[in-house]
Structure formats: C-alpha cells, structure tokens
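The structure appears below as structure tokens.
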Amino acid sequence: MEKKSYIVAVDVGSSEVVVAVGSYAEGGVINIECVVAEPTEGVTAGLVDNNQIVASALIRARQAAEQQVGVAITDAYVSISGKFVRCARYTDHVFVEDVENCISQRDINALRERMENVKAADGEIIMDFFPINYKSDMGVEMKNPEGSYSKQLSSTYNFILCERSAKDRFRRVFLDAGIKIRGMYASAAVVAESVVNSDEKQEGVAVVDIGSGVTDVAIYYGGVLNYIASIPIGGAAVNNDIRHFNGYIPAKTVENLKKRYGSAVVSLTPDELIQVRKGSRAIKPIPRLNLAAVIEARMTDIAEYVWNEIREAGFAKKLSAGIVLTGGVADLKNVADLFNRVTGQETRVACAEIGVSTESLEKVSSPNFTLAVSMLLRGAKVGACPVGVIHSSAQPVEREPMVHPHNGIAASAAQSASAAGAGIGAAQAAPAQPTQPRTVNESFGAPAAGETPAHSTAQTLTTPNIATPEPNDYEDDDDFDDDVKRSGGLFGKITNWFNDAFRNPDVGDDDDNY
C-alpha cells in the first residue's frame with residue numbers, strides 16, 4: 001500500500017475549531033482526507049480568553065480527525081485572526097552595483113536584506129513580509145526588475161504583524177493540546193488560496209471571510225496581497241440581535257433559525273410565519289420578514305465596515321474581479337445581494353475549490369471550511385506534516401518519517417504527542433406583521449535592523465511601527481516540544497517534564513522559543 005504524505009491545518013475560530021487533513025495528489029492538488037468541526041467557547045473576536053476550554057475542543061477535534069484518517073496528528077499549520085493582526089508598508093532602496101546600471105539578483109537580495117533589518121514597536125512581531133512592487137530611479141514600476149536598467153532599485157514591502165501577547169495565548173492552546181505548530185499565518189493572508197485564481201488577483205479582488213467573531217478582508221491587486229484587515233464583528237452579532245429582538249427564542253435555536261429561514265435582504269424574503277417550538281411547547285410565531293429586517297440591519301453594518309476598509313486602503317476603483325465572500329456567514333441567503341447593494345461591486349459567494357481534487361470537493365462544499373482548506377494549500381507548499389501510526393490498540397507510536405513528494409527530503413522522525421460579540425446596536429424597527437401569511441411549522445433543536453550593504457548608500461532602517469522579522473513560526477523550532485537532555489537519571493527526567501508542562505508562555509525570550 002502506497003504511503004501518503006499528510007498536511008494538517010487547524011482553524012481556531014470564535015465559535016468552533018476546525019481540523020482539516022489533506023494529502024498530496026497527482027496534478028499538484030490535494031485530497032481532503034477529512035474536515036472536523038468542534039464547537040467551542042473561550043475565544044472572543046479571535047483572542048483566546050480561556051486556554052483550557054479551547055485546548056479541550058482542539059483535542060476533541062484532533063481525536064475525531066485521527067479516527068477518520070487513521071494517523072496520529074502531532075504537527076499542524078495554523079491560522080490566527082483578530083484586530084491584533086494588521087499589515088504595514090515600508091519603502092526603501094539600494095544603488096545598483098553594476099557600473100552599467102543593470103539590475104542583478106544581488107541588488108534584489110541586498111534590498112531584501114535591508115527589509116529583514118526593519119524594526120518594530122514593542123509588543124509586535126512580523127509574521128511575514130514580501131514585496132508589493134519594484135521601481136526604477138525614474139519611478140517606473142517593474143514587475144521583474146532583474147535585467148532592467150536603473151541607477152537604483154526601490155521597493156515597497158508589505159509586513160504582516162501580530163501582537164506578541166495574542167500570539168502567545170494562541171500557541172499555548174496548541175502546546176496544551178500536544179500539537180506542534182509548523183507554521184502560523186494570518187488568516188486574511190491565506191484565505192484566498194482556495195477561492196480566487198491568479199487572474200483575479202492580478203485584476204483586483206477583495207476576499208471577505210465572515211466568521212462568527214471576526215470578518216477578515218484581504219485585497220489583491222497586481223497579483224500581490226496588498227492589504228489585510230480584521231474587523232471584530234461577525235455572525236455572533238447577528239445572533240445576538242435576533243435574541244434581543246425576540247428574547248423568547250432559546251439561544252441554541254438562533255443559529256438554526258438564521259441559517260434555515262434567515263435572509264440578508266428583506267425585499268427578497270417570502271411573506272410567511274415561522275412557528276418555533278421548544279421541545280413539545282409551541283412558541284409565539286415569528287414573521288419571517290421581521291427576522292430578515294433584523295439580519296439585514298446587522299449585515300449592512302458589516303458590509304459598510306468592509307467597504308470602508310477597501311476605500312481607505314485605496315482600492316475602491318481597482319476591484320475589477322469584485323468581492324468574494326466566504327466563511328460561515330456567507331451561507332446566509334441573499335448576502336451577496338446585500339454586499340452588491342452596499343458596495344456597488346460584483347459580489348459572489350465561494351467555497352474552497354482551487355487546488356482541491358475533484359473527488360474532495362463535496363467534503364468542503366461549505367464556505368465555513370474555506371480557511372482550513374486554504375491553510376492546507378499553504379502548508380502543502382512548505383512541506384508535509386510528520387504523523388504517528390495508530391495501531392489497533394488506538395495508541396500512537398513513533399511517527400513515521402515523511403517524504404515530501406516534491407523534494408524527496410524525509411522529515412525528521414520524532415516522538416508523537418498524545419493528549420486526551422455582543423451586537424453593536426440592535427435593529428430598531430421591523431416591518432409590521434404581514435397580512436394573511438403562510439405559516440411554516442418548525443421545531444428547532446440544538447445546532448448539531450542591521451548593516452547597510454556595501455554597494456548601497458541607504459540608511460539603516462528605523463521604523464517604530466513595524467515589528468522585527470522572525471522566521472515563520474516553528475519551522476526550525478525543534479526545541480519547542482522535542483525532548484532535550486538537561487538532567488540525567490529518573491529524577492532529572494521527571495523534573496524536565498514538570499518544567500516543560502508548566503512553563504509560562506508570557507515569560508520568554510524574544511526569539512519566541514520556550
């Protein structure tokens with residue numbers, strides 16, 4: 001039997017944890033082995049409030065995925081989102097080394113080295129950075145500068161930043177769940193991987209991921225990610241508005257009510273009554289038009305926040321490919337029509353489909369799984385995740401060396417780990433109860449800085465609002481959870497285990513290693 005190389009991705013959201021497992025397939029795509037969602041609390045607008053609750057949900061989701069795939073999950077690529085994640089631009093230049101002013105790869109590398117020395121304000125770190133454009137000494141933009149003639153080469157880089165404290169809380173969840181982080185990425189910076197193609201990124205497109213507590217916005221133009229933003233409002237605010245407007249609706253039924261009968265546009269909603277029942281007891285009927293009015297008010301707020309971000313970023317007239325909606329709330333009826341009305345942009349709802357094998361499309365047919373699948377695609381470009389083998393006793397043993405199908409390099413074998421918004425102003429007015437409505441009976445249950453290059457005269461960079469570049473999290477951080485011999489004998493091993501289990505993530509070195 002042919003061995004598979006697996007990629008594991010984890011999306012920790014404000015209402016659920018999603019664990020996705022994929023494997024490399026022919027044609028450069030991935031097969032989706034499984035996608036598991038586990039409801040959770042303990043996360044507010046992307047920020048972990050209760051580590052124990054979130055870690056427990058992650059463990060349950062991991063165990064369910066292990067049972068479906070038949071391997072022990074020990075490593076994963078993860079995403080992080082919230083108002084503590086942002087982007088910033090910085091522009092610098094180098095003088096071309098060649099006496100004939102022909103730009104070479106050395107000049108491009110020298111410019112990147114300067115960007116690697118950019119510093120940031122205390123409390124932030126750089127998650128990623130990349131060039132948005134290159135320009136000549138005449139200000140002419142060059143897509144591929146190598147070989148072009150110019151006395152100097154300048155570039156604007158986009159830096160993805162995250163608050164250190166929020167990131168430390170987040171990775172502690174994975175430490176407690178026994179999962180090593182192979183790479184951590186900003187959700188908005190990767191969500192487009194599976195829903196928009198290179199042509200759309202070139203023309204200009206905004207990808208909007210509407211989750212429970214956070215709405216992420218990613219803007220692509222000229223084939224490059226130009227801007228990201230995280231708005232701390234999402235589907236949870238819609239749910240709160242529904243409950244406040246009709247307080248007799250049980251909290252556990254609101255989500256089902258919204259998904260089944262909700263609409264983001266009143267004028268496109270049928271005129272009928274919804275009979276809600278709690279167990280065997282009937283509750284007062286709800287006019288469906290009234291429900292739509294509450295939803296439309298809050299979703300209009302979200303659409304306006306998104307459009308403000310796009311306009312302030314300077315891309316209101318550059319989105320030739322329009323707006324792409326995804327995430328759990330994108331399942332809401334008529335939501336694309338609402339965004340089209342608010343923004344004036346062509347809008348569509350998308351599920352993960354790019355880079356996914358045809359036979360796997362049905363498994364990820366919900367926009368709720370887009371981010372997890374996009375993380376799989378990003379992880380697949382970096383390398384496979386080591387996994388453990390589960391025997392019939394359901395006990396994981398040493399993980400097998402994984403061979404990356406593209407470079408043939410075996411990943412190191414290591415011991416496998418094992419482990420058990422409130423709304424912003426509720427809608428004020430609702431349409432009057434319809435006359436002679438059609439009644440629908442429904443019973444709802446619980447919802448299932450450095451040295452200047454020798455040939456450059458540019459000054460050493462000092463910018464107070466961009467963080468220090470660091471390697472992408474944990475790709476080489478072997479001491480994060482591997483055994484390190486510091487004390488000998490049985491007592492020493494027990495001491496080392498105790499220290500590892502209870503070390504404080506908030507008290508660490510600046511290199512992010514524990």
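List of remarks:
- The GluC sites (Glu not before Pro) found in the range 86-160 that occupy coil by DSSP, while having at most 15 further C-beta atoms within 10 Å, are Glu100, Glu146.
- Magnitude of the charge dipole, the range 193-326, Cβ model with Lys/Arg +1 and Asp/Glu -1, debye to 20: 880 debye
- Normalised convex hull volume, the range 1-156, alpha-carbon set, Å³ per residue: 171 Å³
- When you restrict to C-alpha pairs under 8 Å that are six or more residues apart and normalise by the size of the range 174-306, the relative contact order lands at 17 percent.
- Sequence-distant residues sharing a close amide H with Ile126 (under 5 Å, placed H): Thr468, Glu470
- Of the trypsin sites (Lys or Arg not before Pro) found in the range 267-359, those that fall in a DSSP loop while having at most 12 other beta-carbon atoms within 10 Å are Lys317.
- Whole-Hz couplings from phi, Karplus 6.51/-1.76/1.60, listed for the range 252-269; x for Gly and Pro: 6, 9, 4, 4, 5, 4, 5, 5, 7, 10, x, 8, 8, 9, 4, 5, 9, 9
- Between Val382 and Ala282, the distance separating the two model label sites (each 7 Å from Cα on the Cα→Cβ line) works out to 5.6 nm.
- With both labels modelled 7 Å from their Cα along Cα-to-Cβ, the Gln52 to Lys252 distance reads 2.3 nm.
- Database remark: amide H of Tyr185 closer than 5 angstrom to the amide H of Val78, Ser79, Ile80 (H placed geometrically; neighbours at sequence offset of 5 or more, or on other chains; Pro and chain starts carry no H).
- The phi-based Karplus calculation (6.51 cos²θ - 1.76 cosθ + 1.60; θ = phi - 60°) puts the 3J(HN,Hα) values of the range 286-292 at 10, x, 5, 5, 5, 4, 5 Hz, whole numbers, x for Gly and Pro.
- Normalised per residue, the accessible area of the range 277-327 is 42 Å², obtained with a 1.4 Å probe and no contribution from ligands, DNA or RNA.
- The range 16-107 shape via C-alpha gyration tensor axes, a/c threshold 1.5: oblate
- Spin-label model, Ser104 to Arg341: label points 7 Å out along the Cα-to-beta-carbon direction sit 6.1 nm apart.
- Potential extension, Ala316-Glu41 segment - 0.36 nm per residue separation minus Cα distance: 95.4 nm
- Probe 1.4 Å, all protein chains present, accessible-area order of Thr156, Thr74, largest first: Thr156, Thr74
- Backbone amide hydrogens, once placed in the peptide plane, bring Thr215 within less than 5 Å of Ile231, Ile233, excluding anything fewer than 5 places away on its chain.
- Remark: the range 357-369, residue by residue, has Karplus-estimated 3J(HN,Hα) of 4, 4, 5, 9, 4, 5, 5, 10, 6, 9, x, 5, 9 Hz, where x stands for each Gly or Pro and the curve is 6.51 cos²θ - 1.76 cosθ + 1.60 at θ = phi - 60°.
- Across the cross-link table entries Lys83/Lys318; Lys83/Lys333; Lys4/Lys381; Lys201/Lys317; Lys83/Lys119, which are compared at the Cα atoms, the separations over 18 Å belong to Lys83/Lys318; Lys83/Lys333; Lys83/Lys119.
- Contour minus Cα-Cα distance for Gln275 and Asp199 (0.36 nm per residue): 22.7 nm
The values are calculated or read from the model by the stated rules, or taken from the named source; none is laboratory data. Since this is a predicted model, take the numbers as computed values, not measurements. Every residue, glycine among them, receives a Cβ derived from its backbone with ideal geometry; neighbour counts consider all protein chains shown. The area values use the complete protein model at the heavy-atom level, side chains included, leaving out ligands, DNA and RNA. Shrake-Rupley method; radii C 1.70, N 1.55, O 1.52, S 1.80 Å.
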